Amino acid sequence: MEEKLIFEISSDSKKGYTLPALDVQAKDINELIPEEFQRKSDAELPQVSEPEAVRHFVNLSRKNHHIDKGFYPLGSCTMKYNPKVNEETAKLDGFRNVHPFEDERFVQGALKLMKELEEYLCEILGTDVVSLQPAAGSQGELSGILIAKRYFEKLGEERTAVIIPDSAHGTNPASVSIGGFKAFQIKSNEQGKLDIEEIKKYVDKNTAVLMVTNPNTLGLFEEQIFEISEIVHSRGALMYMDGANLNALMGITRPGDMGFDIMHVNLHKTFSAPHGGGGPGSGPIGVVERLEPFLPVPRIIKDGSSFKWNYSYKNSIGKIHSFFGNFSIFVKAYTYIRILGAKGLKEVSENAIINANYLLKKLEKHFSIPYKDYCMHEFVASGENLKEYGIRTLDVAKRLLDFGFHSPTIYFPLIVKEALMIEPTETESRSSLDSFAEAMIKIKEEAEKNPEVLHSSPQTTPIGRLDEAKAGRELDVKYDK
Ligand SMILES: *Cc1c(COP(=O)(O)O)cnc(C)c1O
């Protein structure tokens, strides 16, 4: 399994390519780049042949788990398979090489794509208008919260609280406090859903927003959402939907129709742009008509048959990203939506739901499922019943690597002890779901009969079990024999 650093296989005599001899007059470098901007010494880059470079990176990629290698049941993050055709369209010259300072007249195609993507998202989300500008789900949340703030300022109402259920994603309370509100947490009920009585008790004239994830992070659909929207609206507050993962709803139902006034959706999760290692991402926000004046600028407008940027919205919350957002992600999402169409997007949701329920049924005899119900795109199991053998959820997660699977998200949501959040996603075949279930059941048997194996796993990966805190804080990427 040894793979040297690329610098260790480098030598001055090696070259990755040979260029043909120059057939034009050579120019002195000083004519092209002023001396002050020239390097004073050569860049310290490795020198290897082309096959060495290719093998080096292919071998490295085999040391890690990734979606092109195997199943990845990583809940919430929707690390789903992203169609390769998205990369092809994002790579087209006219998309890849546009510059944000280019005159609008010369980038009409790019503007049209953005405008149409906004319209498609309005249709899918059920909101009146969309802005593509936020660069991530969390930035969409912050933008939405700032819009709520501006809205109540204009109304002359002083509302200071945003109410969030205890199953929420950690970014929700963070965005709320950065946006200048107080995050107020309410308890979920025994079914793991929003508790109407709690909402009646706490939503008052001080409440600006109720911030909800539906389906929630337990993978459960909030059936009482209409009633909840009514209560919240009757007290003058707004409904915010965290729509980071929409692949259980698309084509089946729409947050706008459930009474949500503001929402974000993650293009890099639901609409298939790879985002491992931190991005880039895109978290467009959709709002109802009366919140439109507050959306970030610039906005794309249609002027006759051409498209233009418009900055003149005096009540806008302003700019929240350089230029117009992460354009390459728009191209990927646009491609995904156009290829699937309305029917295909609905099938995505149906497959995500049926895959999750299939796994739930296969695993429920072996792992405890604290909030039992039909699930949407994900469900949360608990490793609590393995504690008697001295096994924690972390051990299960590590052992899965030996079976060729990535671990699901663990220890989230916080309201489930020893949580294993399993989201198979819509693209997995029945046979890959079966193999994953088999591995999970085998691990459960090992926990009962042979718990030492789990404690010393993973055993087949290049590096075994690390001290997680130490590995994070004292990063050592040098391979040492
Ligand atoms: C991923 C996620 C977020 C945050 O999105 P980022 O793009 O990572 O900032 C918020 N809420 C939920 C439910 C998520 O899954």
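The values are calculated or read from the model by the stated rules, or taken from the named source; none is laboratory data. It should be emphasised that the depicted structure is a prediction, and the values quoted were computed from it without experimental measurement. Note: ideal-geometry Cβ built from the backbone for every residue, glycine included; neighbour counts use all protein chains shown. Side chains are part of the model used for accessible areas, which takes the heavy atoms of the whole protein and leaves out ligands, DNA and RNA. Shrake-Rupley method; radii C 1.70, N 1.55, O 1.52, S 1.80 Å.
Key figures for this structure:
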item: Relative contact order [Cα under 8 Å, 6+ residues apart], the chain, whole percent; result: 19
item: Accessible solvent surface per residue of segment 346-468, calculated while the other protein chains remain in place, 1.4 angstrom probe, Å²; result: 46
item: For segment 6-63: accessible area per residue (Å², 1.4 Å); result: 93
item: Residues residue 323 and residue 66, FRET efficiency given R0 of 45 Å [Cβ-Cβ distance, rounded to 0.05]; result: 0.90
item: Violating pairs (Cα-Cα greater than 29 angstrom) within the set 417/470; 332/365; 84/346; 362/387; result: 332/365
item: Pairwise FRET efficiency - residue 178 versus residue 85, Cβ, R0 = 30 Å, nearest 0.05; result: 0.25
item: Cα-projected label distance for residue 22 with residue 93, points at 7 Å along beta-carbon direction, nm; result: 2.6
item: Label-point separation in nm, residue 54 to residue 39, each point 7 Å along Cα→Cβ; result: 2.5
item: Percent RCO, i.e. relative contact order, over segment 375-481, from Cα pairs under 8 Å lying at least 6 residues apart; result: 30
item: Where 27, 80 fall by accessible area, highest first, once all protein chains stay in place (1.4 Å); result: 27, 80
item: Extension gain (nm, one decimal) between residue 235 and residue 185, 0.36 nm per residue minus Cα-Cα; result: 16.2 nm
item: Net charge contributed by nearby residues that have their C-beta within less than 13 Å of residue 155 (K/R +1, D/E -1); result: +3
item: Long-range tail of P(r) for segment 1-62 (Cα pairs > 19 Å, %); result: 54
item: For segment 276-366, Kirkwood radius (reciprocal of mean inverse C-alpha pair distance, Å); result: 17.0
item: Mean Kyte hydropathy of 0.0 or more with a Cα span along the axis of at least 24 Å, helices from DSSP in the chain; result: 108-125, 327-363
item: Reachable lysines from residue 27, criterion Cα separation under 20 angstrom, eight or more residues apart if same chain; result: 40
item: Difference of contour (0.36 nm per residue) and Cα-Cα distance, residue 471 to residue 158; result: 108.0 nm
item: Accessible carbon and sulfur surface of the chain relative to its total accessible area, %, 1.4 Å; result: 53
item: For segment 451-471 and segment 310-340, distance of Cα centres in Å; result: 42
item: Order of exposure, largest accessible area first, which applies to 87, 190, 8, 50 with probe 1.4 Å; result: 190, 50, 8, 87
item: Residue 449-residue 372 FRET efficiency (beta carbon distance; Förster radius 25 Å; 0.05 resolution); result: 0.40
item: Convex hull volume per residue in cubic angstrom - Cα atoms of the chain; result: 202
item: Accessible surface, per residue, of segment 86-339 when the full set of protein chains is kept, probe 1.4 Å, Å²; result: 41
